[in-house]
Amino acid sequence: MKSKILLIILSALFLSACAKDLPPSHYESAEVGKLKKVIPGVIISKRPILIDTKKSDAAIAVDGKPTMISDTKRTRGYEYVVKLSNGDIVSVAQDEDLKLKNKQHVLVIYGENTRVVADEGSGE
């Protein structure tokens, strides 16, 4: 029984080493070459947040009963509230500080992972 518990814990630790974060400047290979919708906007609010990333789940036995345990990682990030050029207001949380400021013109890039990036050239 103890060897099973040890095996489960070791498996959970191995899986946690495989977990990844995906900041706005990183793309998964499956995203490369995919068309994404981009809408310009202006940041109307920015606030720091804490992001909990669930790294793995594992089942262990406690007093003979199966119990789920989770391993989480906490990182810092920002929530940006953006007023889009079409009048909509959206909120995007991301874990990389791009030094964006309130009233800054940005681009919201929609996709599997929505991103907010500085608008360096749309002429707005």
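The values are calculated or read from the model by the stated rules, or taken from the named source; none is laboratory data. The structure displayed is predicted, hence computed values, not measured ones. So basically every Cβ, Gly included, is an ideal-geometry build from the backbone, and we count neighbours across all protein chains shown. For accessibility, only protein heavy atoms count, side chains too; no ligands or nucleic acids. Shrake-Rupley method; radii C 1.70, N 1.55, O 1.52, S 1.80 Å.
Here are the numbers:
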{"item": "Answer residue from the range 32-46, given it is exposed (fewer than 15 other Cβ atoms within 10 Å of the Cβ) and at pLDDT 95 or above and is farthest from residue 89 (Cα to Cα) among those", "result": "45"}
{"item": "Segments classed as strands (runs of 3 or more DSSP E), wholly inside the range 78-124, with at least 1 members that are at pLDDT below 95 and open to solvent by 60 Å² or more (accessible area, probe 1.4 Å)", "result": "89-94"}
{"item": "Answer from 65, 4, 55 - the residue that is modelled with pLDDT under 95, surrounded by 15 or more Cβ atoms within 10 Å (Cβ to Cβ) and farther than 21 Å from residue 120 by Cα", "result": "55"}
